[in-house]
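K.L.:
Sharing a structure here in structure tokens format.
The values are calculated or read from the model by the stated rules, or taken from the named source; none is laboratory data. Values in this document were obtained by computation on a predicted structure and should not be read as measured data. Heads up, the Cβs are rebuilt from the backbone with ideal geometry, glycines too, and the neighbour counts pull from every protein chain shown. In case anyone asks, the SASA skips ligands and DNA or RNA and just uses the protein heavy atoms, side chains included. Shrake-Rupley method; radii C 1.70, N 1.55, O 1.52, S 1.80 Å.
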Amino acid sequence: MQLKLNKMKKNIIILFLSVWTILAYAQQKGATITVDVSPLKLDSLRLFKYDYDDIYAKVDKDGKFVYNLTDGLPKEVILVGPQNKMVYVFLENGNRLNIKTNFEQTTYTGEGAENSEVFNHIMNTVEAAKVKIDASKMTAKEFFDILNNTNQIPIDLLNQNKQRITSSFYNYAMTSFSYQKLQDYMWYGYYYILGKKGKFAEESPADLWVLDQQVQYDDQLLGNRVYDALLLYFYPPYLRRKELFLQGKLDSPHELQDAFTDYQMILKYYPEGKVKNEALSKTIVSVLDQAKELSVVKPLLDEHIAKYADDSTAKILREKYAVMDKLSTGKMAPDFTLKSLEGKDVSLRDFRGKVVYIDFWASWCGPCRGEMKHGSPKLHTKFKDNPDVVFLYISLDSKADDWKKAIDEDKIEGIHLLSQATSGVNTPVAKAFNISGIPRYVIIDRDGRIADNDAPRPSQDITQDKINEALAK
């Protein structure tokens, strides 16, 4: 009898410990940030998550802002304060982080505090170094050298603080900083030389063309934001440029980057595995988005579905193809009615008889605003005496104040409409035009039909030709 009681007690204890472990794990899942910004008087505070789905928290009864994140951890996030000042945060499962900041000085306490403290210090140090760079006075070699040296700063600082932080943060951050260094070296130098109208094959450093030796195809690294960006988006065009360089054709006229070519590079160079499948899945969507003639890419889509897509993905791709077919050249553009800057209802059909160049943008999109400042004025000048050309700007901002402020700051001329996003680019008009990322440009002809559903940017010389083609029809 006593033996049975002892065994029963033992089973109860084991059961209790198991339940306690499960509950403890459940409590640890996710991360919480509590932010105190007193004495600043803010009624809302933005948490930038790098995924077009930011969180705006309202002040609670204690005068603090609280964010609960459950998905996609570990994750870097940014608290964005007045004048776009930033506080950097790194989150892991189980973190319960308290932050007190006036966006000049910041203190962290609670679980995960040292990770975020180190991360914030590293990011601010790097940003300060980048601000001091004056690329206009550099040779190409000097630019590549300072680019590499600047991107080495976070790696060195991370190693100096290795004993203060968790091993998981160290591994994640080292992957991020190392692949960011690779990505910047592959891309920024290229655009720097093109901007100075130089010969890239002649001015690029020799070590640029062996960077592929540092790239790992590691399924375990997927989920790291920077690694994903490089392997799924930025690396295939680099491989294309390397091919052209080795062929002696890098500076000859050709299309350096398009989704179809990216897809071919992935097929050719990526080994079998999850990284390759992810990259192909992302890129086939871009192939559809960029397609001028869907019939040309239909065989590639069918082949992709047969070889790489499961039933669920195949269904999504076929549905997307059907949507894109409605947006192909010559089809009637989806009509819409939106509020203008003056508060009036404006519809696309109001511009029948004119050619409309639509610019989808948002105040938070750096490339969008860069085009507006430097590309749009020149394009407008070329058609300033032509009343049959309309420049229509559709903002996907979630806040009207941000939209109006950006227009005022950048002195953007044209007709301005707002299609407010619930998050990222999630608006009815963006969905109707299959907008998954911005900036995005669309040309509508005089009859209200689509002349180009993925038109070139204002800064590109070919844009004037595209508009003239639509006018000629």
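K.L.:
Please sort 408-416, 83-91, 388-396 by packing, taking for each peptide the average over its residues of neighbouring beta carbons within 10 angstrom, highest first.
P.N.:
On the way: 408-416: 15.1, 83-91: 18.4, 388-396: 21.7.
For the peptides 408-416, 83-91, 388-396, the packing ranking is 388-396, 83-91, 408-416.
K.L.:
Can you list the residues, at least 5 places off or on another chain, whose amide H is less than 5 Å from the amide H of Arg440, using H built in the peptide plane?
P.N.:
Result for Arg440 returns Phe360.
K.L.:
Now for a different question. For the chain, place one equal point scatterer on every Cα, skip the solvent, and apply the Debye formula. What is log10 of I(q)/I(0) at q = 0.06, 0.08, 0.12, 0.13 Å⁻¹?
P.N.:
Rounded to two decimals, the profile gives -0.34, -0.60, -1.32, -1.50.
K.L.:
Considering only C-alpha atoms, what is the centroid distance from the stretch 419-451 to the stretch 195-247, in Å?
P.N.:
30 Å
K.L.:
Where does the stretch 334-472 land on Rg/Rh, using Cα atoms and the Kirkwood Rh?
P.N.:
On the way: Rg = 13.7 Å, Rh = 14.9 Å.
Expressed as Rg/Rh, it is 0.92.
K.L.:
Tally Lys and Arg at +1 and Asp and Glu at -1 over the other residues with C-beta under 13 Å from the C-beta of Tyr308: what net charge comes out?
P.N.:
Working: positive: Lys274, Lys276, Lys282, Lys307; negative: Glu272, Glu278, Asp302, Glu303, Asp310, Asp311.
Once all neighbours under 13 Å are counted, the net charge is -2.
K.L.:
Same structure again: May I ask you to give the percent of accessible area on the chain that is carbon plus sulfur, with a probe radius of 1.4 Å? Walk me through the intermediate numbers first.
P.N.:
Numbers: 13220 of 25160 Å².
Roughly 53 percent of what the probe reaches on the chain is carbon or sulfur.
K.L.:
Could you rank the peptides 461-470, 364-373 by their average count of other C-beta atoms within 10 Å per residue, with the highest value first? Can you show the working numbers first?
P.N.:
On the way: 461-470: 16.0, 364-373: 17.5.
Result, highest mean first: 364-373, 461-470.
K.L.:
Next question, about the same structure. Report, please, the projected area of the stretch 135-290 averaged over directions, based on the convex hull of its C-alpha atoms, in nm².
P.N.:
10.2 nm²
K.L.:
Thinking of the stretch 174-264 as a set of Cα atoms, what percent of all their pairs are more than 19 Å apart? Show your work: numbers first, answer last.
P.N.:
Working: 1647 of 4095 pairs.
When every Cα pair of the stretch 174-264 is considered, 40 percent fall beyond 19 Å.
K.L.:
Using only the heavy atoms of the protein chains and a 1.4 Å probe, how would Phe383, Phe245 rank by accessible area, largest first?
P.N.:
On the way: Phe383 15, Phe245 65 Å².
Result of the area sort, largest leading: Phe245, Phe383.
K.L.:
Summarise the long-distance tail of P(r) for the stretch 31-128 by giving the % of C-alpha pairs beyond 22 Å. Please report the intermediate quantities before stating the final value.
P.N.:
Numbers: 967 of 4753 pairs.
For the stretch 31-128, the share of Cα pairs beyond 22 Å comes to 20 percent.
K.L.:
Might you tell me the accessible area per residue for the stretch 328-473, computed with a 1.4 Å probe and given in Å²?
P.N.:
Numbers: 6820 Å² over 146 residues.
Here the per-residue accessible area is 47 Å².
K.L.:
If the reach is capped at under 18 angstrom between alpha carbons, list the aspartates and glutamates near Lys411, excluding any in the same chain fewer than eight residues apart.
P.N.:
Lys411 reaches Glu342, Asp359, Glu371, Asp397, Asp401, Asp402.
K.L.:
Distance cut-off 25 Å, Cα to Cα: go down the list Lys339/Lys399; Lys331/Lys384; Lys41/Lys405; Lys61/Lys339; Lys49/Lys315 and report the pairs above it. Can you show the working numbers first?
P.N.:
Values: Lys339/Lys399 13 Å; Lys331/Lys384 28 Å; Lys41/Lys405 20 Å; Lys61/Lys339 35 Å; Lys49/Lys315 29 Å.
Pairs exceeding the cut-off: Lys331/Lys384; Lys61/Lys339; Lys49/Lys315.
K.L.:
Antiparallel as a % of all DSSP beta bridges within the chain, to the nearest 5? If you can, show how the numbers build up before the last one.
P.N.:
On the way: 37 of 53 bridges.
Here the antiparallel bridges make up roughly 70 percent for the chain.
K.L.:
Normalized C-alpha radius of gyration of the stretch 164-209, against 2.2 N^0.38 Å?
P.N.:
Details: Rg = 15.3 Å, N = 46, 2.2 N^0.38 = 9.4 Å.
For the stretch 164-209, the normalised Cα radius of gyration is 1.62.
K.L.:
I would also like to ask the following. With n ≥ 4 as the cut-off for DSSP H runs, can you work out [θ] at 222 nm for the chain, using -39500 (n - 2.57) per run divided by the number of residues, rounded to the nearest 500? All intermediate terms of the calculation are to be shown ahead of the outcome.
P.N.:
Details: 16 runs with 219 residues, N = 473.
Roughly -15000 deg cm²/dmol at 222 nm, from the helical runs in the chain.
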